[in-house]
Amino acid sequence: MDQPAFTLPPLPSAPSRILLFVAMHSEAEPIARALGLVGGRGTVAGAEIELLTPGTCAITRVDKLGPVHAASALTRAIAARRPDLVLNMGTAGGFESQGLGIADLVVARDAMFHDARVELPGFDALVRAHTRLSPNDAQLAAIAARVGGRIGLASSGSSLDATADELALFARARTLAKDMELASLAVVCSEERVPLAALKGVTDLVDHHEPTHEVFLRNLKKTSDRIAAAAGGFIELVAGS
Ligand code: SAH
């Protein structure tokens, strides 16, 4: 569990086309504004950036968040756009026990699924999909210093809440961030051999007593703004300038 079973290609030295995946409209809006994107497109650090959001569900009329929609949207976008780098920015639950607070930033070193359990050799590693993301240790350190963030594991699942078993796993794995998309993006990038890096901002504290959804909604704007303010510096460093 502690060692990633999957790896991704290294960061490209001068990417020309970057796909920036953001799950929710309310997260994407301040990021697009901060990066000066027009119609979801722009140029940052010499690279063409295209914003990718999975969009709104026609039936439920809410953002298509979660791992399945993320994988589906990214698979289609990679086929259509052939990016040389995929980035993910978005909100996440953080862990007070790891010293994190609201609006703190996490630069993901690795990602996995915390709600995938198959006790069969090989299949366990497959479904957990523990993946080392593209930035190497030196790059992670430089990025984290630039944005003022922590470096560590981000864990994904299909739920906003967490079970007692999952809380134990988060503590054991020293998880810093809990989201609903990154590990699925990592699986797609691993299959497609496209580099991936991620920046997460803490909207709520998973190991705190307050109900997650209330804290999430209260901090969504503040944290999205914090991610947006760091977005340019993050991209400059992952793009190698
Ligand atoms: N209830 C919210 C729905 C979004 S919450 C609303 O009404 O708008 C989940 C989204 O935020 C996902 O995209 C996920 O990646 C991120 N997220 C933030 N905090 C999270 C947490 N504690 N656990 C899982 N995902 C979290």
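Does Asp115 count as modelled with pLDDT of 95 or more, acidic (Asp, Glu) and away from the ligand (no atom under 15 Å from the Cβ)? No: the conditions fail for Asp115.
Note on region 89-128: residues that are in contact with a helix residue (DSSP H, G or I) (Cβ under 7 Å, 6 or more places away or on another chain) and either of a type in the set (Gly, Ala, Ser) or within 20 Å of Ala168 (Cα to Cα) (or both) total 13.
Among residues of region 144-169 being away from the ligand (no atom under 15 Å from the Cβ) and β-branched (Val, Ile, Thr), the one that is nearest to Phe95 (Cα to Cα) is Ile151. The test for being hydrophobic (A, V, I, L, M, F, W, C) and surrounded by fewer than 19 Cβ atoms within 10 Å (Cβ to Cβ) does not hold for Ala32. Output the number of residues of region 170-206 satisfying the condition of being more than 10 Å from the ligand (Cβ to nearest atom) and either free of Cβ contacts under 8 Å to residues at least 60 places away in the same chain or of a type in the set (D, E, K, R) (or both). Final tally of qualifying residues: 5. Restricting region 129-144 to residues that are in contact with a helix residue (DSSP H, G or I) (Cβ under 7 Å, 6 or more places away or on another chain) and of a type outside the set (S, T, N, Q) leaves a set whose member that is farthest from Leu52 (Cα to Cα) is Ala142. Taking the stated definitions as given, is Ile78 closer than 16 Å to Gly233 by Cα and either open to solvent by less than 10 Å² (accessible area, probe 1.4 Å) or part of a strand (DSSP E or B) (or both)? No; evaluated as a whole, the condition is false for this residue. Could you say which residue among Ala32, Ala28 is within 12 Å of the ligand (Cβ to nearest atom), closer than 19 Å to Lys221 by Cβ and without any contact (Cβ under 8 Å) to a residue 40 or more places away in the chain? Only one candidate passes the filter, namely Ala28.
Going through region 81-101 one residue at a time, which ones are in a helix (DSSP H, G or I) and of a type outside the set (Asp, Glu)? Of everything in region 81-101, those that are in a helix (DSSP H, G or I) and of a type outside the set (Asp, Glu) turn out to be Arg81, Ser97, Gln98.
Only residues that are free of Cβ contacts under 8 Å to residues at least 60 places away in the same chain and touching a strand residue (DSSP E or B) at 6+ places or on another chain (Cβ under 7 Å): list them for region 44-53, please. The answer is Glu48, Glu50, Leu51, Leu52.
Rundown of residues vs (1) within 16 Å of the ligand (Cβ to nearest atom); (2) open to solvent by less than 10 Å² (accessible area, probe 1.4 Å); (3) farther than 30 Å from Pro211 by Cβ; (4) among the β-branched types (Val, Ile, Thr), yes/no style:
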site: Leu37; (1), (2), (3), (4): no, no, yes, no
site: Ala58; (1), (2), (3), (4): no, no, no, no
site: Ala70; (1), (2), (3), (4): yes, yes, no, no
site: Leu85; (1), (2), (3), (4): no, yes, yes, no
site: Ser97; (1), (2), (3), (4): yes, no, no, no
site: Ala111; (1), (2), (3), (4): yes, yes, no, no
site: Glu119; (1), (2), (3), (4): no, no, yes, no
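The values are calculated or read from the model by the stated rules, or taken from the named source; none is laboratory data. What you see is a predicted model, and the numbers here were worked out from it, not measured in a lab. Cβ coordinates were reconstructed from backbone atoms using ideal geometry, including for glycine residues, and neighbour counts include every protein chain displayed. Only protein heavy atoms, including side chains, enter the accessible area calculation; ligands, DNA and RNA are left aside. Shrake-Rupley method; radii C 1.70, N 1.55, O 1.52, S 1.80 Å.
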